[in-house]
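Here is the structure we will look at, set down as structure tokens.
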Amino acid sequence: MKNSESTSKAGEGAQSSPAKSEKKPLDPGVVELINDKNGIPQLILKNGDASATISLLGAQVLSWKTKATGELLFVSKKAIFDPPRAVRGGIPICFPQFGNRGALEQHGFARNRIWTIEKDPPHLSGNFSAKVYIDLLLKPYKEDSKTWPHSFEFRLRISLTADGILNLTSRIRNVGSKNFSFCIGYRTYLSVSDVSEVRIEGLETEYYLDNLLQKQQFTEQGGALTFESEVDRIYINSNNMVAVLDHQKRRTFVIRKDGLPDVVIWNPWDKKSKSIVDLGDEEYKQMLCVDGAAVETPIPLKPGEEWKGRLELSLLQSS
């Protein structure tokens, strides 16, 4: 079966007047639409020497790379590509629940649902003229309304610059008649050389909840955060920029966030890795999750209200 179905281009100039309409995504050239081995559509964004692959299952970014760096996201070699199960790695979107903080399935249902491509989304402010982008949309499934009976529209724009800056901008609107609140997290699996040699800067003196100690609250002490055992923490109302330094690969991930008050840091280490079916026993060494999130305080939305949040991933290389 032939995989490639079409090739497309996406781009939008800054709007100078309301009368000008946005260019539609999926014009010829820089967004390729294919099917994976399960028949699930995937989108490949290409801009210069950078590319990103997004699955419509969960709107999950599965790959982010540049010609100079190679792959920047971790995906387990034991990942199970069997819908509706989410793939272990990349950037799954956790909504409307994060982790097991609620009555829904782990991390909510958004990562296990098929999203649609939205060709005429509501206007999104900003200059996208130098970016390749795609707009995706999730609306409630009938089965979800039994456990989370709320009407919403979740719009996601994923954009990529030629120098490899990846942006995920979410807009969640309450289109129902009653209030609801939600949690959200971009579970970002970064590919690292050796997690024990990695450090995170930008969380110094921040408060965090330790999920390994019954969510007790602590204050980050000393300098950069380093890793020598399992870590599962929620940094509350944290800085909007953190840096992940990987000395061996001589590169630094820069993570910026807007509308997302928290940062979640997770690595299962050796013991827990052995209990995770879709993660290799030693693969914890090559991954680190650094998530922009709204976890500790759910976001309330009244009917007609919309929330907007953004995650930006970029890379600095040293010689």
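Computed values, structure above
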| read-out | value |
| --- | --- |
| Exceeding the 25 Å Cα-Cα cut-off - candidates Lys77/Lys274; Lys78/Lys257; Lys146/Lys271 | Lys78/Lys257; Lys146/Lys271 |
| Estimated inter-spin distance, Gln317 and Thr147, nm [label 7 Å along Cα→Cβ] | 4.3 |
| Distance between segment 94-108 and segment 30-64 - C-alpha centres, whole angstrom | 25 |
| Signed unit charges on C-beta, dipole axis of the chain, positive-most listed residue Ile54, Val242, Phe152 | Phe152 |
| Estimated dipole of segment 6-317 in Debye, rounded to 20 [Cβ of Lys and Arg +1, of Asp and Glu -1, Cα centre] | 860 |
| Theoretical ellipticity at 222 nm over the chain - DSSP helices of four or more residues, -39500 (n - 2.57) apiece, nearest 500 | -500 deg cm²/dmol |
| Largest to smallest principal axis extent of the C-alpha atoms in segment 6-317, angstrom | 55, 48, 39 |
| At 1.002 mPa s and 20 °C, Stokes diffusion of segment 200-319 via Kirkwood alpha-carbon radius, µm² per second | 136 |
| Most mobile of Glu118, Glu228, Glu153 in a GNM of the chain (Cα contacts under 10 Å) | Glu228 |
| Proxy reagent accessibility, fewest Cβ within 10 Å first, across Leu203, Leu62 | Leu203, Leu62 |
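Every number in this text was worked out from the coordinates using simple rules, so none of it is lab data. Small disclaimer: the values here were computed from a predicted structure and weren't measured. Note that each Cβ is placed from the backbone with ideal geometry, even for glycine, and that neighbours are counted across all protein chains shown.
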